[in-house]
Structures are given as structure tokens and as C-alpha cells.
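Asks: Take a look at this one; I'll ask things after.
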Amino acid sequence: MIKIKKKNAINILSLVILSFYVILAAGSIDNDPPPPPQPCFEDRIYDHCIEKGDDFFELKNYEQSLSYYEEALNIEQNNQKNIYVKSQIAQIYIYKADTFLNDEKYDQAMLDYQKALGIYKEIDKNNKNNPNFIYIQNQMDKIAEIAHDFYEKGNDFFANNNYESAEYYYNEALKIFQSYDPKSYKVQIENQLNEIENKRKQYNEFKNNADTYYENKDYDQADIFYNKALNYASTNPTQQDKINYINNQIDKIDSYKEKYQELVKNGNIEFLDKNYDKAEKDYQQALEIYPKHLKNKEIEEKLNNIETIRQNYQKLYDQIMTIFDDKNNYEKYGYEKEEYYYLEYDKINEIYKEGLNLYPKNSKNNNIAEKINEEYQYLLEKAKKAEQVGSPQSGKFYYERALKLDPDNSNNDDIKLKINKIDNFIDNFQKLINDADNKFKEKDYDMALEKYNTALKQYKYHPKTNDIKAQISEIQKIKEKCQSLINEGKVEYDKMFYNNAKNYYEEALELCPKDDQNEALRNNIFEVEQKITEQWETLLLQWFNEGNKLFENKKYEEAEKCYNDILKFIPELSNSSQYKQQIGIINQQLEIIKSKNNFKKFILSLAMCVLAIVISVVTFIVLNNHF
């Protein structure tokens, strides 16, 4: 591929332009005389470009003028007119630079001033006093001062964290200082720009970390990193959305903190007030809002305490409900089981108060209170029914259970009055029973029976009713036995077995000493004793006569026995003093019998002695003969 030199290309272009003018000239040929001789082709084009450049220069069309001037320079680089052309070009650059300067396009103005300055340095190396040269230098210094102002503004904005504005002014200054930096600000500006970029990176890093912590509800860390990001955030209005976002996030965190603290404070107050349900709700809401707060461990401990309290309360609640549930089971075990059950029943209020103190605002307390009130009314109804059927002791039992079940009930004063009334009734009843028992011990069975029957009428279902009935039955048996003895005595009396009759009568009298019919019984006994006396008198007379007869017949032992029988039975007689004469005779006879018996014993003893002597003598003789 053939390379075309730039100069040749320009020459070709000049030829084309020249041809264009030739054609135009040919079109205008008339019969005028021929023109004078023309300069050479390149000179004509060179001059034409200068002329066109001057024309456009006059019209202040500097871009077109510059292109023609530059074209002229390309055509004739060594032409003496080039100084003029370059001067014009330099002047165009000044004009352009002035325009850029007026339009505050300082970097472009600086470039054009430098171009103009370079041309003047080229065409007038030794004349630095050239007004244009001085003007350009002044303008460049002015732009450099503007660049320095930009730099200072950048510093001010940087100091105020307005990094976008700082960056803008730094870049504006840098554009100028790239081509003209008399005081070496370029390095400082680049360092500041790097610092701005680092701050942006740091901002993004802190902001991203904060967002991550925020999403994980680690608001303490999020707050720290949002504030760090805020320190690196630009204050430029274009960046206000970022600042607003961070401030909004911080405000949210602050609101979470405030809400958290409010919930914890309320929870603590409710916890101290033992309103554990609300405290738990506030604590859980606080944990949900701020799950990674430093104080959450304390809250979790309190939640654990609440759960422990709830479990302990539930045990107490279940214990109460178990007692209530067992209420209907006692009936199949009888009264003793009922009494045993109500001993457990008495514990309900104690357990209820323990639960109330442990967990005073648990919703289940209302259930227990309603159940207690229901059972309280049930006990009052049972007490009334017990009183109506004649069982005041049971009524008192139920009234007392009601007092223990609900000691703070407003009806308790009335119940206490009823219990006092029952106590008075029971005391009177017990006094009646005691009187009856005493009468029973005194064997005043009629009076005891009357009192026992009165007690039964007053108190049909007393716990000792069976004992009272047993006493009544015992009295009835005694009276029946007494009547049976009297009847037996009458039978024996009719048979003239007066002693037997007397024994029956006396046994009956001893068995029922205070019976209403005892006066008649005593009369019967007196009559029987009279009959017995008559019988004994007849019998004793017979025995006396028989004893005398036996004595006369010298049957002393039989006579003695007969006399002793008489002496034995005479004291039994009510009129034994009438028998003194007979007793004296009997005693005399007994003395005689005794004397005779003593003489017989003497003779017998003497005979035994003689017999013993005889036996001894005979034994002696026999033994002598033998030896």
C-alpha cells in the first residue's frame, strides 16, 4: 500500500480547489481582454487561503478563519507571510480562549491560551514584552487563580463532606492544572480525589454492613455502622437520599430502642405487679423488636421465671381442680369419706390464696373464683337441707366448710350467726343427752327414756343417733326385764314360793329402782315378807318341837343340827326378838349336847390311849419271844 505524504495530499487538495475556481472563472469568460499574468499555482492558493482567513477573521468566524490560516501554513511552511499567519492564528486562539474564559470553560481557554503563547514564543522568542504575550500570561495566571479557587472550594466542600462538589471542583482545577500547574497542585488534588474515592468505598462498606446488621435485627451494630457510614456520607444535595436513608434507618433503630425500652420498662412494672401475662407479652415483643439487645439475657431470665411461676401456679390450679373433680366421688364412700374429702376441701382457699399471691392476675383465677362461689352456694344449699331434715350438726359442718372455702364472702356474717344458733342448739341437745345419760346411770329409766325420745325428735340425724337409739333399746330391755321379774314374782307368789317371789321382786326393784310402779312393788315385797315370816314361824315351831323330841330321845347330833338350823334362820325373821325364850332353851340344850359330846370325846380318847398301851405291850412281848 502506497503511503501518501501529508504535503502531497495538501497539494492535491489545492489543485482541486484551484480547478474549482478555474471552472468558475471559465463560466464567467466573456469578450473581455485576457487577465494579466497570474502568480504560480501554489502561491495563488496560499494567498487565497490567507485572504479567506482574513475575510473570516474580519467576520469573527474564527473557526473558518483558522482552518484557512492553517491550510496556508500547510501549503507554504517557509513563506515570510507565515509570521503574519501565525500571529493571526495566535490571535484567534486568544479570541477563542477569551470566549471560553467568558463561558467559564477554563480548561479549554487554558489550552487555547497556551497554544497562542506557544505561537508567540515561536515567532518572537526574544520579545517577552509583547503585549499579547503578557496578556496571555496574565490570562493564564488568572485561569490558574480560578483553578486555585476551584481547589480551595474543593477543599472547603471536602471539609464539609460535600464530596461530589469537592470532586467537581477538584476535577475542574485538575483540568486546568493538567496543562498549567505553576504551584504543583495537581498531586494534592489527585490525593484528595483518591481520598474522596476511599471515603465513598468506606461509606459503601459501612452502609452495606449496617444494612446486613439491620436485616438481622442486630440494631446495636447496625446503629454503629450507620453512624460510621454517616461520617463518610457526602453532604452534597445530590446525595441527600443516601443521608436521608441512613438517618431514616437510624431513626428506625432509635424508635426500636425507644419502643424496646418502653416495653422492657412496662414489662418490669408488670412483672413487679405480678401481671405476668402482660409482662411476658411485653418482654416477647421487646425481644421480637430488638432480638440482639445487650439486655435480652435479663429479659430471657425473667421469661424463664415467668414460665416457672406459671408451671408452679398450674400445679396449684390442677390441685384445686382435682379436689373439685373428686367432690362427687365421696358419696359412694359414705359420711366418713365425705368428711375426709372436705378436710381436703378446706385446703382449697389456702391453695387458692397461694396461687393468687403467686400469680394474682392469671385469667384462671376467675375460673377458680367462679368455681369457689359455685361450691360456696352449693355448701349453703346442703347446709339448709341438712337443717330442714333435722341434722343441724351436718348443717354446721357445711356452713364451716363454706367459711373455710371462701372466708371473705359477704354472706359470712349471716353464716356465722347460723353456726352460733346451731351451736346453741347442739349445746342444748348435748345437755339433754347428758341429762338422759345421768338418769340412765341413776337407773331412772323412765326419765332417761323421755329425754332420749325428746332428743330424737329434736335431732333426728345426730351423729350419735344410733347411740341414743341403742340407749333407748337398752332401757326398753331393762324395763321388759323388770316387768318379767315382777311377773315371775307374781307366779312364785301364787305358788306360795314367797322367798322366790321376794327375790324376783327385789331384783326387779334393784333393776328399776325409780320405776313408776315401784311403790306397788314395794307393797308386794312387804306382803311377801309377811308371808315368809308366817311360813318361818310355822317351820321353826316344827323344827323346835322336833329338836326337843330328838333331844329327849338322846339323838343329840340330829337335835344339834335341828337346833342350829333354827338359830340360823331365826335372824331372818322380822320378829326374831319374840323367839328369845326358844333361843334360850335351844342354847341350854346345845350346851348339854356339847357337854355330852365333850365327855364322849374324853372317853374315846382314853380308850384310844389304853388301846395304844395294850398294842405296845403285846408288841413288846412278841418281840421278846421272837428274839
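The values are calculated or read from the model by the stated rules, or taken from the named source; none is laboratory data. Note that the coordinates shown come from a computational prediction; the quantities given were computed from them, not determined experimentally. Every residue, glycine as well, gets a Cβ built from its backbone with ideal geometry; the counts of neighbours run over all protein chains shown. Quick note on the areas: whole protein, heavy atoms, side chains included, nothing else; ligands and nucleic acids left out. Shrake-Rupley method; radii C 1.70, N 1.55, O 1.52, S 1.80 Å.
Asks: How many nm is it between the label spots at Glu450 and Glu152, if each spot is 7 Å from the Cα in line with the beta carbon?
Replies: 13.7 nm
Asks: Can I ask one more? Could you grab the relative contact order for the chain? Cα pairs under 8 Å, six or more apart, rounded to a whole percent.
Replies: Once normalised by length, the contact order is 5 percent.
Asks: Which whole-number percentage describes the relative contact order of segment 80-180, with Cα contacts under 8 Å and a sequence gap of 6 or more?
Replies: Rounded, it is 25 percent for segment 80-180.
Asks: About the Cα centre of segment 81-129, what is the dipole size in debye to 20, counting +1 per Lys and Arg Cβ and -1 per Asp and Glu Cβ, all else neutral?
Replies: In total the dipole reaches around 340 debye.
Asks: Name the residue farthest towards the positive end of the dipole of segment 80-180 from the options Ile94, Ala109, Ala173, assuming +1 on Cβ of Lys and Arg, -1 on Cβ of Asp and Glu, about the Cα centre.
Replies: The Cα lying farthest towards the positive end belongs to Ile94.
Asks: Where the only charges are on Cβ atoms (+1 Lys, Arg; -1 Asp, Glu), what is the dipole of the chain about its Cα centre, to the nearest 20 debye?
Replies: Roughly 3000 debye, rounded to the nearest 20.
Asks: Right, another one. Between Ala607 and Asn553, what is the spin-label point distance in nm, taking each point 7 Å from the Cα along the Cα→C-beta axis?
Replies: 2.3 nm
Asks: Taking only the Cα atoms of segment 90-199, how large is their convex hull per residue, in Å³?
Replies: In segment 90-199, the Cα convex hull volume per residue is 86 Å³.
Asks: Give me the number: length gained by fully extending Asp467 to Glu205, i.e. 0.36 nm times residue separation minus the C-alpha to C-alpha distance, one decimal in nm.
Replies: My answer for the length gained is 84.5 nm.
Asks: Continuing with the same structure: With every atom except the alpha carbons ignored, what do you get for Rg and Dmax of the chain, in angstroms?
Replies: Cα radius of gyration and Dmax of the chain are 76.9, 251 Å respectively.
Asks: Working from Cα positions, state the angle (0 to 90°, nearest 10) between the long axis of helix 296-325 and the longest principal axis of the chain.
Replies: 30 degrees
Asks: Sticking with this structure for a sec: Considering only protein heavy atoms and a 1.4 Å probe, what is the carbon-and-sulfur percentage of the accessible area of the chain?
Replies: In the chain, the share of accessible area belonging to carbon and sulfur is 50 percent.
Asks: Can you pick out the pairs among Lys364/Lys396; Lys302/Lys404; Lys347/Lys371; Lys274/Lys295; Lys315/Lys347; Lys257/Lys278 whose Cα atoms lie more than 24 Å from each other?
Replies: Lys364/Lys396; Lys302/Lys404
Asks: On a straight-distance basis, which aspartates and glutamates could pair with Lys441 in a cross-link, Cα separation under 14 angstrom, same-chain partners fewer than 8 positions away excluded?
Replies: Answer for Lys441, where 14 Å is the Cα cut-off: Glu474, Glu510, Asp515, listed by chain and number.
Asks: Quick one: net charge of Lys502's neighbours, Cβ under 10 Å, K/R +1, D/E -1?
Replies: -4
Asks: Separate question: Could you state the angle between the C-alpha long axis of helix 163-179 and the longest principal axis of the C-alpha atoms of the chain, as a value from 0 to 90 degrees rounded to the nearest 10?
Replies: Computed tilt is about 30 degrees.
Asks: Can you tell me the 0 to 90 degree angle between the C-alpha axis of helix 62-75 and the longest principal axis of the chain, rounded to 10?
Replies: Once rounded, one gets 60 degrees.
Asks: Could you let me know the centre-to-centre spacing of segment 151-191 and segment 342-390, using Cα atoms, in angstrom?
Replies: 88 Å
Asks: Which of Ser234, Asn453, Asn132 sits closest to the plus end of the dipole of the chain, meaning its Cα is farthest towards the positive end, when Lys and Arg get +1 and Asp and Glu get -1 on the C-beta?
Replies: Asn453
Asks: Next up: If you stretched the chain out fully between Lys514 and Gln483, how much longer would it get, using 0.36 nm times the residue separation minus the C-alpha to C-alpha distance?
Replies: Taking Lys514 through Gln483 to full extension adds about 9.8 nm, to one decimal.
Asks: In nm, what is the difference between 0.36 nm times the number of residues separating Asn268 and Asp103 and their Cα-Cα distance?
Replies: 52.4 nm
Asks: Lysines within cross-link reach of Lys495: Cα-Cα under 27 Å, excluding same-chain residues under 8 positions apart?
Replies: Within the straight-line cut-off, Lys495 pairs with Lys477, Lys479, Lys481, Lys531, Lys568.
Asks: Moving on. For segment 429-516, what is the relative contact order in percent, using Cα pairs closer than 8 Å and at least 6 residues apart in sequence?
Replies: Once divided by the residue count of segment 429-516, the mean separation gives 31 percent.
Asks: So, in nm, how far is label Glu507 from label Asn367 when the simple model puts each one 7 Å beyond its Cα toward the Cβ?
Replies: The two pseudo-label positions are separated by 7.3 nm.
Asks: Spelling out what I want: for every residue of segment 462-469, take phi, set θ = phi - 60°, compute 6.51 cos²θ - 1.76 cosθ + 1.60 (Karplus), and round to whole Hz; glycine and proline get x.
Replies: For segment 462-469, the Karplus-derived couplings read 5, x, 9, 4, 5, 5, 5, 4 Hz, x marking Gly and Pro.
Asks: If amide H atoms are built 1.01 Å from N in the plane of the peptide, which residues on other chains or at least 5 residues away come under 5 Å of the amide H of Lys292?
Replies: Counting only residues 5 or more places away or on other chains, the set is Tyr219.
Asks: OK, next. What value, in deg cm²/dmol to 500, does the helix sum -39500 (n - 2.57) over DSSP H runs of n ≥ 4 give at 222 nm once divided by the residues of the chain?
Replies: Helices in the chain give a 222 nm mean residue ellipticity of -28000 deg cm²/dmol.
Asks: Might you tell me the accessible area per residue for the chain, computed with a 1.4 Å probe and given in Å²?
Replies: 62 Å²
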